[in-house]
1. Across segment B:79-97, which residue is nearest to B:ASP127 (Cα to Cα) among those that are among the hydrophobic types (A, V, I, L, M, F, W, C) and at the interface with another protein chain (Cβ under 7 Å from one of its Cβ atoms)?
2. Please enumerate the residues belonging to segment B:28-78 that are more than 10 Å from chain A (Cβ to nearest Cβ), open to solvent by 30 Å² or more (accessible area, probe 1.4 Å), of a type in the set (S, T, N, Q) and in contact (Cβ under 8 Å) with a residue 12 or more places away in the chain.
3. Find the strands (runs of 3 or more DSSP E) located wholly in segment B:149-249 whose residues include 1 or more that are touching a Lys or Arg at 6+ places or on another chain (Cβ under 8 Å) and closer than 18 Å to B:VAL79 by Cβ, and list them.
4. Confirm whether A:ILE89 is of a type in the set (Val, Ile, Thr) and more than 14 Å from chain B (Cβ to nearest Cβ).
5. Among the helices (runs of 4 or more DSSP H) lying completely within segment A:21-131, list those that include at least 1 residues that are exposed (fewer than 14 other Cβ atoms within 10 Å of the Cβ).
6. Exactly one of these conditions fails for A:LEU260: (1) at pLDDT 75 or above; (2) on the phi > 0 side of the Ramachandran plot. Give me its number.
7. With respect to the numbered conditions (1) over 22 Å from A:LEU119 (Cα atoms); (2) over 14 Å from the mean Cα position of the chain (by Cα), which one is the sole condition not fulfilled by B:PRO106?
Amino acid sequence: MIAAASNERPLLTHSQESRLFWGLRRRILHRLVAQALATARFRLLVVICLTVLFWGSMFLIFLSGFQEMVAAISHATMRFQIVQTINNIFFLSMLVMLAVSSAIILYSNLYRNDEVTFLLTQPVRPQRIVVYKFEEAVLFSGWGFLLLGSPMLIAYGLVAESPWYYYVLLLPFMMAFVAIPAACGAVVCMLVVRFLPAVRVQTFVVVAGLAVLLGLLLVRALCGETSYELMTPQWIQEILQRLRFGEQRLLPSWWLATGLLEAAHPHSPGSTPSGVPAWHESIGFLSVLTSNALLSYLAVSWVGRWVFVPGYSRLSQLEVPQRRGGSSWLDAGLRGLTRWLPHPMPLLLAKDMRLFRRDPVQWLQFLIFFGLLGFCFLNLRRFHYGDGMTQWMTMIGFLHLAMVGLILSTFTTRFIFPMISLEGRRFWILGTLPVSRRDILWSKFLFACMVSLVPCSVLILLGDLAWQIAQRTPLLAVVHQVSCLVLCIGLCAIAVGLGALLPNLRETSPSKIAAGFGGTLNLVLSAMYILATVGLVAVPCYAGFDRAWEDMSRQWPIADAQSLRLMSGLLASLILGATVTYLSLRMGFRAFEKLEV
Amino acid sequence: MIEMDCVSRVFGPTVAVRDLSLRVVQGEIFAFLGPNGAGKTTTIKMMVGLLSPSSGNICLGGFDVVRQSRQAKARMGYVPDQPQLYDKLSGREFLQFVADVHGLSPGDLQESLGRLMRVFDLGRFLDQLTESYSHGMKQRLAFAAAFLHRPSIAIVDEPMVGLDPRSVRLVKDFLRDQAAAGTTIFMSTHTLSVAEEMADRIGVIHQGRLLFLGTLNELRQRMSQNDSSLEQLFLQLTDGDEAAPTPGESPAGKSRETP
């Protein structure tokens with residue numbers, strides 16, 4: 001017989017709990033790394049190489065940009081002002097994005113997480129669980145910030161010939177900064193769940209709306225109509241003046257931007273009082289950032305102590321919403337649209353569309369991205385450009401195309417690629433019905449095309465109208481639309497094909513599936529495909545059009561030689577698109593037929 | 001000892017648990033029965049600290065689960081119906097973590113681990129990552145984790161689901177031994193034969209109300225059916241429409257899936 005003992009052991013102290021959770025994280029990390037080294041070396045290598053490639057590319061872009069700026073603007077004070085303004089705006093944008101992303105990550109980590117459900121049944125303090133998950137959110141959010149911010153700051157340091165301590169201070173500055181917006185996001189997230197659980201989605205929409213509003217302000221400030229010719233000193237001064245709103249001295253973004261500039265420019269114009277070493281100022285800003293970061297950390301713990309468990313409990317008491325399939329106008333519209341498709345394709349499409357629209361995470365961030373892009377396109381026409389600028393028109397049109405393609409590729413990687421893996425997990429449903437696997441995969445492909453084609457096409461048209469490309473050279477607008485079609489179909493085929501070829505049937509989270517090897521490969525191949533497709537049309541087109549924009553605007557149809565060059569480029573991109581689509585789907589179909597679940 | 005005093009839990013307009021009062025004494029095996037959506041899982045979630053009662057109090061070993069939650073949880077072992085383990089930890093590492101959370105000394109841990117390894121036959125897979133475990137293996141590890149610190153109260157949700165006959169036998173014997181040693185066992189189950197075989201007392205909940213509380217014989221007397229099985233009595237007692245699932249409880253009686 002086993003004797004049960006009455007439990008009279010002392011409960012863990014704060015420091016014991018802290019050590020325990022760090023130990024847990026260390027053990028999990030160790031296992032993850034060991035497993036990756038043992039079973040997924042290639043994947044690890046690809047991820048590391050891609051990260052280095054991304055970082056290196058960003059660094060080179062920033063380096064050449066800053067070098068260009070030094071060469072173009074000889075006035076040191078103006079250069080300093082430009083960098084100061086850029087940094088203020090960049091870090092302010094990061095501040096908002098980090099707060100929003102941390103809130104979303106923490107919500108999912110804290111309230112929709114099986115590990116937390118387990119931990120809540122253990123004798124640990126609720127604030128420990130909150131802090132443990134908050135640190136994870138900071139790590140996830142901060143990683144992106146580090147990857148994006150460090151190449152820019154290092155490149156600037158090199159161009160500005162900054163002293164050694166500038167580079168040493170970069171990491172502590174960035175780490176201290178990340179914790180503050182992340183803590184704000186975390187606190188807001190917990191308070192919303194505790195006090196407004198029923199309207200948490202709406203609250204998120206409002207917060208995201210405010211973030212978008214800030215983005216729009218930024219775009220408007222940057223692209224609003226100016227009184228001066230583009231790139232003239234007066235124009236630069238006007239733009240700098242408009243962007244002054246980023247210079248809010250109570251914001252951590254300003255502390256970070258100013259602290260780093262103090263370190264980068266020991267003799268910056270009028271910043272440091274005489275006799276005081278410049279790095280003193282910088283350390284001062286770092287101290288302000290660090291103390292605020294530590295205070296934020298405490299705030300998260302304190303708020304977590306009081307509101308986390310009641311919030312968790314309240315979230316569980318929400319009414320389950322009633323869903324009636326087929327009753328929505330979207331379902332009716334889709335039924336009409338897909339009537340011509342063979343059975344059971346319309347049914348599969350209706351199912352996927354319902355799943356898609358009932359998960360706002362799936363479409364909300366892309367709505368924001370596309371919305372911002374549309375706004376940006378519409379506002380670009382406000383630039384006052386002279387005759388010398390018209391040669392950029394064709395290039396900018398194709399840059400729009402590439403930009404839309406890149407956003408679409410993140411969408412296909414994040415949402416279309418994991419669809420096959422997720423369907424594979426539920427294969428007992430479709431796999432046991434009289435539906436062929438081919439039909440399932442075709443439906444995924446059609447769904448992806450339907451969802452992506454319309455917004456992309458509209459966005460491209462919007463850009464062409466804003467830049468007067470459609471009015472001046474309709475042929476170019478048609479070429480853009482055809483290229484957009486090629487991009488959408490090809491990108492969807494790559495995502496569906498690779499999704500079937502490299503499914504991850506163990507994982508339930510689409511974001512984790514997308515973050516794996518298959519998702520990474522999908523993103524890389526998609527980027528290469530976009531560059532090739534746009535390049536094939538843009539290079540011959542640009543070569544012909546940049547010299548004859550004015551002629552072209554008067555002459556329709558355009559001259560035969562130019563037309564031929566353009567059409568041959570378009571044909572080449574069509575052939576590339578068809579080949580990529582065919583090969584991707586063929587590989588995907590074969591793999592999906594053989595898939596064992 | 002488990003004490004519930006007028007415990008209610010409201011989900012919007014739905015009352016998932018209504019004025020539930022009961023007391024389960026030391027060494028008793030209590031079977032908590034009810035149809036899907038009756039309020040069993042909600043009650044268990046309130047007991048283990050995942051949900052707060054809308055009103056009323058729950059005490060485990062004399063400690064209130066809301067106001068003194070750490071003390072209450074330190075005296076409790078919980079085996080969920082769907083055990084959630086750390087995929088990237090081995091069984092041994094998981095047990096080590098649970099032991100550390102409960103402040104077990106290395107000596108106590110070794111002693112408990114050795115005992116539970118023998119009882120649940122964990123030795124074969126204890127050093128593998130839990131992501132490779134079958135449902136039965138996970139369930140056995142969850143049992144070991146729940147009893148590692150020798151809790152005075154054990155709350156077990158659907159203990160027999162997914163277990164093979166040998167494991168079912170093993171779990172039944174283990175729970176009996178624990179009860180005999182003084183552990184209070186609160187067991188929610190749909191397997192009426194298990195409840196019939198093991199429980200000292202039975203509670204039947206339906207649409208959030210406790211319909212019956214007592215021994216099997218008392219239930220037979222109340223229903224005036226001396227030869228009926230628990231299954232017959234249960235069906236008769238809960239005759240009528242099945243309750244709609246509450247937000248905390250899916251139609252299958254399982255906890256809500258997280259996206």
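The values are calculated or read from the model by the stated rules, or taken from the named source; none is laboratory data. What you are looking at is a predicted structure, and each value in this text was computed from that prediction instead of being measured. Positions of Cβ are backbone-derived with ideal geometry, glycine not excepted, and every protein chain shown enters the neighbour counts. SASA here: full protein model, heavy atoms, side chains in, ligands and nucleic acids out. Shrake-Rupley method; radii C 1.70, N 1.55, O 1.52, S 1.80 Å.
1. Restricting attention to segment B:79-97, the residues satisfying the condition of being among the hydrophobic types (A, V, I, L, M, F, W, C) are B:79, B:85, B:89, B:94-95, B:97.
Checking the rest, the ones that are also at the interface with another protein chain (Cβ under 7 Å from one of its Cβ atoms) come to B:89, B:97.
Values: B:LEU89: 9, B:PHE97: 14 Å.
Among those residues, the one meeting the criterion is B:LEU89.
2. Within segment B:28-78, B:ASN36, B:SER55, B:ASN57 qualify.
3. Values: elements: B:153-157, B:184-188, B:201-206, B:209-214.
By residue number, B:153-157, B:184-188.
4. Numbers: of a type in the set (Val, Ile, Thr): yes; more than 14 Å from chain B (Cβ to nearest Cβ): yes.
Judged against the criteria, A:ILE89 is a match.
5. On the way: elements: A:41-72, A:76-111, A:114-120.
Fully inside segment A:21-131 and qualifying: A:41-72, A:76-111.
6. (2)
7. (1)
Conditions tested, residue by residue: (1) among the basic types (Lys, Arg); (2) in the same structural domain as B:GLY62 (by TED's automatic domain parsing); (3) at pLDDT below 95; (4) within 14 Å of the chain's Cα centre (by Cα).
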| position | (1), (2), (3), (4) |
| --- | --- |
| B:ARG124 | yes, no, yes, no |
| B:GLN128 | no, no, yes, no |
| B:SER132 | no, no, yes, no |
| B:LEU141 | no, no, yes, no |
| B:PRO159 | no, yes, yes, yes |
| B:PRO165 | no, yes, yes, no |
| B:ILE185 | no, yes, no, yes |
| B:HIS190 | no, yes, yes, yes |
| B:ALA195 | no, yes, yes, yes |
